[in-house]
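Here is the structure we will look at, set down as structure tokens.
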Amino acid sequence: MIPQIWSEKLLATMINADRNGAAELIDQALAEGVEPWQVIADILDPAIVQLGCLWEEETMSLAQSFVASKIAEDALLRCIPEKSDTAHTKGAVVIGNIEDDFHSLGRKTVGLFLSAAGWDVYDLGNDVPAEELLEKALEVNASVIGASAMMQTTALNIRKLRQLIDDRGLTGRIKLAVGGAVFNWRPDLVAEVGGDGTVRNAVGADELFMHLQTEAQREATP
Amino acid sequence: MNFHTVWLSCGVVRAEMEELRRRGLINGELLFLDSMLHMDPPRLEATLTAVLEQNTGMPGCLVLVYGDCSARMLDLVHRFRVGRVNVINCAQLLLGRDRYRQLMLEEAFMVLPEWAQRWEHIMKSELGLTKAVAHDLMGDNRGVLVYLDSGLVPVPEQYLVEFSAYSGLPWRVETVTLDCMLATLLEAQVVAKAWAGQEAEVQYEK
């Protein structure tokens, strides 16, 4: 079966809240020899992107989206590769849903992808005040903070984190990655909240964080 | 200026809104939309837009009693220059921000009185969740059902028992006053009046 067909079938299970069906589908793909990375990139990722589009087009309710998202998370966990080399990491990153935001799927997915890509991920969870995100970044010497928000109102709370970073004179040293459904249908919001970058989905997170870390290191070098 | 206020509210808090007006704590006109519109976001947004368009140019101010229920809720606020309760959802409206955050930390699934009557239809028909899937999903993400008892209708114990069995989560009742809700409504009304005042000045200058 070609990946597109797998992906369409997976999306259908997600929309129909068929958790077992989604699990069986992923297991079947793996059993048929599809590599885990390919399941993620060619089957799961397009389904997640499509799910995001349905949300953006508002053809799914928040409740339906939530249920579908949980199934996507299950599927991701079934095929995420084990982190093999713990001695060699790309560096530390801090992620969290910004204060008042409780939509954890995107953040968890990004965390899984980053961890699998070799980052030391410090996931502070939901509803994290800006101060905590910054303090943790300083504690673990992270160059990038990833702040997540799903809705318009909560995304605006990221402005406080931007302000804190700037007020502490850390503008170049600590970069701010922002993400969540709201940034996909409203890209102008990235600049409005002071983000240094975003990606549409978790698959691109590693590349974004690498880019931002490189920028931070370059700016920190005299 | 003394503005006539239109409260455009989700029907999920109908009883609470009517009680606040009955007590004389808010005044003006109450308009309610069916809470089931949340299951169909385009219809929710289209309906809200239509009502807001109907009220454009009317004297007075309008307050949206909605959380972040549509992906473009803030756009509607800015487009129609209305007030909106500064909460992310109706549970936070009843509980206030601090208590809501505490309960979320406890992984509570909050059940509002109006919603409790419809739990079976929403979970089974709208979301298509079988008991087994609901059990798994709710168990993974939530720790307890918390019924928010605003004291206006009897606690629907039978529904809660059934929902608990369906979801696999224990349940409890949390009594809420309408104080937090009232404060949030009045804050939003101040903003709505300010918008309306600016509009009135513009009209006067014309």
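The values are calculated or read from the model by the stated rules, or taken from the named source; none is laboratory data. Remember, predicted model here, so these are calculated numbers, not experimental data. All Cβ positions, glycine included, derive from the backbone under ideal geometry; neighbour counts span all protein chains shown.
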Next item on the list: Mind listing just one residue for me: the one in the stretch A:164-222 that is part of a loop (DSSP other than H, G, I, E, B), among the hydrophobic types (A, V, I, L, M, F, W, C) and touching a strand residue (DSSP E or B) at 6+ places or on another chain (Cβ under 9 Å) and, of those, surrounded by the most Cβ atoms within 10 Å (Cβ to Cβ)?
Entry: A:I174
Next item on the list: Would you point out the residue of the stretch A:100-126, among those that are farther than 22 Å from A:L138 by Cα, outside any loop (DSSP other than H, G, I, E, B) and without any contact (Cβ under 8 Å) to a residue 60 or more places away in the chain, that is nearest to the other protein chains (Cβ to nearest Cβ)?
Entry: A:L105
Notebook entry, point to check: If we keep just the residues of the stretch B:14-31 that are over 17 Å from B:V77 (Cα atoms) and under 14 Å from the mean Cα position of the chain (by Cα), which is surrounded by the most Cβ atoms within 10 Å (Cβ to Cβ)?
Noted result: B:E16
Check: Which condition breaks for B:E107 when tested against (1) in contact with a Lys or Arg (Cβ under 9 Å, 6 or more places away or on another chain); (2) more than 11 Å from chain A (Cβ to nearest Cβ)?
Finding: (2)
Check: Only one residue in B:R118, B:R101 is within 11 Å of chain A (Cβ to nearest Cβ) and either surrounded by fewer than 16 Cβ atoms within 10 Å (Cβ to Cβ) or not aliphatic (A, V, I, L, M) (or both). Which one?
Finding: B:R101
Check: Looking at the stretch B:100-113, which of its residues are in contact (Cβ under 8 Å) with a residue 40 or more places away in the chain and within 17 Å of B:L185 (Cβ to Cβ)?
Finding: B:L112
Notebook entry, point to check: Applying the selection to the stretch A:100-156, what residues are modelled with pLDDT of 95 or more and of a type in the set (S, T, N, Q)?
Noted result: A:N141, A:S143, A:S148
Item checked: Condition check for A:V128: farther than 29 Å from B:L137 by Cα and either surrounded by fewer than 24 Cβ atoms within 10 Å (Cβ to Cβ) or assigned by TED's automatic domain parsing to the domain that holds A:V199 (or both) -> no
Notebook entry, point to check: Within the stretch B:50-69, is there a residue that is outside any helix (DSSP H, G or I), aliphatic (A, V, I, L, M) and in contact with a helix residue (DSSP H, G or I) (Cβ under 6 Å, 6 or more places away or on another chain)?
Noted result: yes
Next item on the list: Report, by residue number, each residue of the stretch A:5-53 that is more than 14 Å from A:I71 (Cα to Cα), among the aliphatic types (A, V, I, L, M) and without any contact (Cβ under 8 Å) to a residue 12 or more places away in the chain.
Entry: A:I5, A:A31
Checklist line | Per-region count, the stretch B:125-152, residues free of Cβ contacts under 8 Å to residues at least 12 places away in the same chain and either in contact with a helix residue (DSSP H, G or I) (Cβ under 7 Å, 6 or more places away or on another chain) or charged (D, E, K, R) (or both) | finding: 6
Check: Inside the stretch A:130-155, can you point out the residues that are assigned to a loop (DSSP other than H, G, I, E, B) and more than 18 Å from the chain's Cα centre (by Cα)?
Finding: A:N141
Checklist line | Residues of the stretch B:121-161 satisfying the condition of being within 25 Å of B:L37 (Cβ to Cβ) and away from chain A (no Cβ under 14 Å) | finding: B:L145, B:V146, B:Y147, B:L148, B:D149, B:S150, B:L152, B:V153, B:P156, B:Y159, B:L160
Check: Somewhere in the stretch B:36-57, is a residue away from chain A (no Cβ under 14 Å), closer than 23 Å to B:M110 by Cβ and either touching a His at 6+ places or on another chain (Cβ under 9 Å) or aromatic (F, W, Y) (or both)?
Finding: no
Check: Can you find a residue in the stretch B:57-65 that is surrounded by fewer than 18 Cβ atoms within 10 Å (Cβ to Cβ) and out of contact with any strand residue (DSSP E or B) (no Cβ under 9 Å at 6 or more places or on another chain)?
Finding: yes
Margin query: For the condition over 30 Å from B:G28 (Cα atoms) and within 23 Å of the chain's Cα centre (by Cα), what is the one hit in B:E187, B:E162, B:E157, B:E174?
Written below: B:E157
Item checked: Matching option when the condition is under 19 Å from B:Q198 (Cα atoms), part of a helix (DSSP H, G or I) and assigned by TED's automatic domain parsing to the domain that holds B:G197, among B:H38, B:H78 -> B:H78
Check: If you check A:T171 against the conditions, is it at pLDDT 90 or above and more than 23 Å from A:S115 (Cα to Cα)?
Finding: yes
